[in-house]
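One structure below.
Read-outs: derived from the displayed coordinates by stated rules, not from any lab. Bear in mind the structure is a predicted one, so any value in this text is a computation, not a measurement. Don't worry about glycine lacking a Cβ; one is built from the backbone with ideal geometry, like all the others, and counts go over all protein chains shown.
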């Protein structure tokens, strides 16, 4: 369905046409009419499906005719990066409509705080905020949210994972009871449904592509010992010079720093990003990665959701994520908006059970690529047998000649 069929404002149609978008994604096609009709909504959609535009477009349409100088919309998000991204999209799409927004997040200086206070007291059409920073302003007593008409909770599952439940409840206590509520989440876990029951009123529900990587992502894994990982990563980078945007996920901040330094010693343009960096440093690293000045970004899971960086060619899971859902968000950084990409996971002998859980979640067996000969042998694949998936006591071995692996001998074949 084309955007012109969804009944949104002509100025918005001009803006998205200028950005090169013609057809709505499934989440946009379903969510936009529901929001325009004034219903509360809980929507489950994976990373990369266009869910930000699914709520921004109808919200911008609805507030276009509201009086200026009043804050009508509050968008609450888990990370400063996502707050900045949504704020930039509001400014880009709503520029011709004169709609103003501001992002509230931690890590700024005194001038930044002053700008945030001014927006909160004098009114900006849309406030995009992380819970902690917004609570800091609310506690000082000058924030007035009596004109709020729309509340959006984006990446709600991640906010609950981080521990923002109490903050969300407190923020909602400052809002008018009569408002339209929208909740977007990558998962529909019980805790999300519980929060929805407290926040939403008779909501409509949308469930898009629950917990499945995008079709354009070619997934594969290497069975590997930890001591082999750094050399294999360097090999993969050297062997694919055409990949100019590579994102590597590590499970700890220390690992991101150590891997980035190891790659730098091999003369690769790599940088690490984690919550240890100051906000200005994080913004500089992200800018360098977006502009392709930095080819390789090594990140913790804070980056796995909410960062809209286009044309990432390769995602490498240096560590298997502890949560199977996080795998989906990590690999969702590539193959955005119907493009293609490669996602590789390095699986050591201790992480095989976790990786098997991921395969169960995505309902497919991920192809195991044999290590290049120069690296020697890796560990044998072990996972619960089909007869008893609930235990870790029974295993089967991965063999390169198994029938299920004959369809592809290398992930590089897909690229041609």
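Details
- Hypothetical label at residue 354: residues of region 237-261 whose amide nitrogen lies under 20 Å (7 Å Cα-Cβ projection): 247-260
- Taking other Cβ atoms within 10 Å as a rough exposure proxy, 291, 4 sort from fewest to most as 291, 4.
- Förster radius 45 Å - calculated FRET efficiency between residue 268 and residue 380 (Cβ-Cβ, nearest 0.05): 0.90
- Three-way shape call for region 3-208 based on the alpha-carbon gyration tensor, with the a/c threshold at 1.5: oblate
- Ordering 97, 1, 84 from the fewest to the most neighbouring beta carbons within 10 Å gives 1, 97, 84.
- Sequence-distant contacts, meaning Cα pairs under 8 Å at least 6 residues apart, place the relative contact order of the chain at 16 percent.
- Projecting label points 7 angstrom from Cα along Cα→Cβ for residue 254 and residue 231 puts them 2.4 nm apart.
- Backbone N atoms of region 274-299 closer than 17 Å to the 7 Å Cα→Cβ label point of residue 112 belong to residues 274-288.
- Sequence ranges 146-155, 165-174, 355-364, 371-380, ranked by mean other-Cβ count within 10 angstrom, highest first: 146-155, 355-364, 165-174, 371-380
- Length gained on full extension, residue 142 to residue 122: 6.2 nm, using 0.36 nm per residue less the C-alpha separation.
- Whether region 104-175 is rounded, prolate or oblate, judged on the alpha carbon gyration tensor where a/c under 1.5 counts as rounded: oblate
- The convex hull of the Cα atoms of region 150-275, projected and averaged over all directions, covers 11.2 nm².
- Three-way shape label, region 159-204, alpha-carbon gyration tensor, a/c 1.5: oblate
- Stretchable slack from residue 322 to residue 177, in nm (0.36 nm times residue separation minus alpha-carbon distance): 48.4 nm
- Once the Cβ-Cβ distance of residue 363 and residue 287 is raised to the sixth power relative to R0 = 35 Å, the FRET efficiency obtained is 0.40.
- 222 nm mean residue ellipticity, helices alone, for the chain (DSSP H n ≥ 4; -39,500 (n - 2.57); rounded to 500): -11000 deg cm²/dmol
- Ranked by the mean number of other Cβ atoms within 10 Å per residue, highest first, peptides 254-262, 345-353 order as 345-353, 254-262.
- Taking other C-beta atoms within 10 angstrom as a stand-in for reagent exposure, 93, 75 fall in the order 93, 75, fewest first.
- Burial ranking of peptide ranges 232-240, 266-274 (average Cβ count within 10 Å, highest at the top): 266-274, 232-240
- When the chain is reduced to its Cα atoms, the Kirkwood hydrodynamic radius in Å: 22.7
- Degrees separating the helix 253-265 axis from the principal Cα axis of the chain, which is the longest one: 60
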